[in-house]
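These notes are about the structure you will find just below.
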Amino acid sequence: MKKYKPTSAGVRGMTVVSYKDSLTASKPNKSLTKGRKRAVGRNNKGRITTRHKGGGHKRLYREVDFKYNKKDIPAKVESIEYDPNRSAFIALALYADGERRYVVAPSNLKVGDDFVVSEKAKIKSGNRTVLLNIPVGTFVYNVELKPGAGAVLVRSAGNYAEVVAQDPDAKITQLKMPSSEIRKVLNTAWASIGEVSNSEHKLRNIGKAGRSRHMGRRPTVRGSAMNPVDHPHGGGEGRQGIGLRRGPKTRQGKLAYGVKTRKPKKYSNTMIVERRKKKKRN
């Protein structure tokens with residue numbers, strides 16, 4: 001991590017990831033980039049559905065390959081690059097047939113390293129194979145839920161899932177997710193070996209409000225600072241508690257903090273072996 005001299009109140013204590021030690025290219029591959037309009041918390045009718053989103057620096061979208069449909073063709077890493085649209089680093093891979101693609105980079109991946117997507121791939125960081133062939137205790141990332149549909153699980157910086165059990169008869173692999181949840185996944189689905197790069201991402205100290213605005217995060221106002229018409233916690237003379245309510249509420253009046261929000265009849269409930277553990281609040 002990189003720390004700055006305390007030349008101002010905002011910079012005092014602010015930390016950033018030291019990109020100089022990890023990245024090898026400053027500009028992306030032009031053929032793999034495109035413009036993209038960000039939703040900034042709006043739905044298809046233009047109404048805000050997620051608050052505190054908007055503004056921020058303009059981003060160029062990198063087309064990252066999550067399908068990994070080039071099977072049995074070895075690829076060599078040409079560069080490790082920054083991607084403003086995700087917390088992990090990305091790697092520019094040159095396949096043996098001459099095609100270039102961006103992939104999510106695992107930790108410790110260097111320029112010149114190679115990897116392959118194959119059912120017969122070795123259990124080596126960066127390689128990709130079906131879950132059936134991955135031994136118990138191995139860390140994986142970029143996990144599919146449906147075989148061939150593309151990676152949807154375990155893609156953010158520093159994350160990994162652990163293979164905890166194999167059941168070839170039921171065609172199921174059990175994975176311990178980053179949330180501590182243990183869930184079943186079809187063993188014909190694909191996963192990459194290793195853990196996602198940029199594990200220091202969670203150690204950052206944003207430091208000042210302006211840096212949050214650059215990231216596209218707008219200010220968050222406490223409910224107790226609002227009027228009663230705007231929030232259930234609002235109103236009162238001076239500082240007030242939440243009153244005779246059952247617990248803290250969202251702005252829409254629904255219970256918040258520590259309340260289960262998963263639907264009892266959700267279709268994927270049968271795939272969950274063990275629910276995630278509740279984290280203790282400080």
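Each value in this text was obtained by applying a stated rule to the coordinates, not by laboratory testing. Computed from a prediction, not measured in an experiment: that's the story for all the values here. So basically every Cβ, Gly included, is an ideal-geometry build from the backbone, and we count neighbours across all protein chains shown.
At R0 = 30 Å, how high is the FRET efficiency between A39 and A149 if r is their beta carbon distance? Nearest 0.05 is fine. Efficiency computed from Cβ-Cβ geometry: 0.85.
Amide hydrogen proximity for V273: with H placed 1.01 Å from N in the peptide plane, the residues at 5 or more positions away or on another chain lying under 5 Å are I182, R183, K184. Of K2/K37; K71/K277; K27/K202, which ones are farther than 26 Å apart at the Cα? Check vs 26 Å cut-off fails for K2/K37; K71/K277. Of F66, F115, the sequence from fewest to most neighbouring Cβ atoms within 10 angstrom is F66, F115. The phi-based Karplus calculation (6.51 cos²θ - 1.76 cosθ + 1.60; θ = phi - 60°) puts the 3J(HN,Hα) values of segment 103-111 at 9, 5, 7, x, 5, 6, 7, 10, 4 Hz, whole numbers, x for Gly and Pro. Where only DSSP H runs of four or more residues are counted, the chain gives -500 deg cm²/dmol as its mean residue ellipticity at 222 nm, each run worth -39500 (n - 2.57).
Take every pair of alpha-carbon atoms less than 8 Å apart whose residues are at least six positions apart; their mean separation over the length of segment 1-139 yields a relative contact order of 17 percent.
With R₀ set to 25 Å, the beta-carbon distance separating V229 from K265 gives a calculated FRET efficiency near 0.10. Simple rule: put +1 on each Lys or Arg Cβ and -1 on each Asp or Glu Cβ in the chain, find the dipole, and look at T188, N205, L131; the Cα lying farthest toward the positive end is N205. Close lysine pairs were tallied over segment 116-198: pairs 8 or more places apart or on different chains with Cα atoms under 14 Å apart number 4.
Here the relative contact order of the chain, from alpha carbon pairs under 8 Å that lie six or more residues apart, stands at 17 percent.
In the chain, the alpha-carbon atoms span a convex hull of 183 Å³ per residue.
Taking each of K34/K76; K3/K76; K20/K76 in turn, the alpha-carbon distance tops 25 angstrom for K3/K76. Using 0.36 nm per residue and subtracting the Cα-Cα separation, the extra length available between K71 and I48 on full extension is 4.1 nm.
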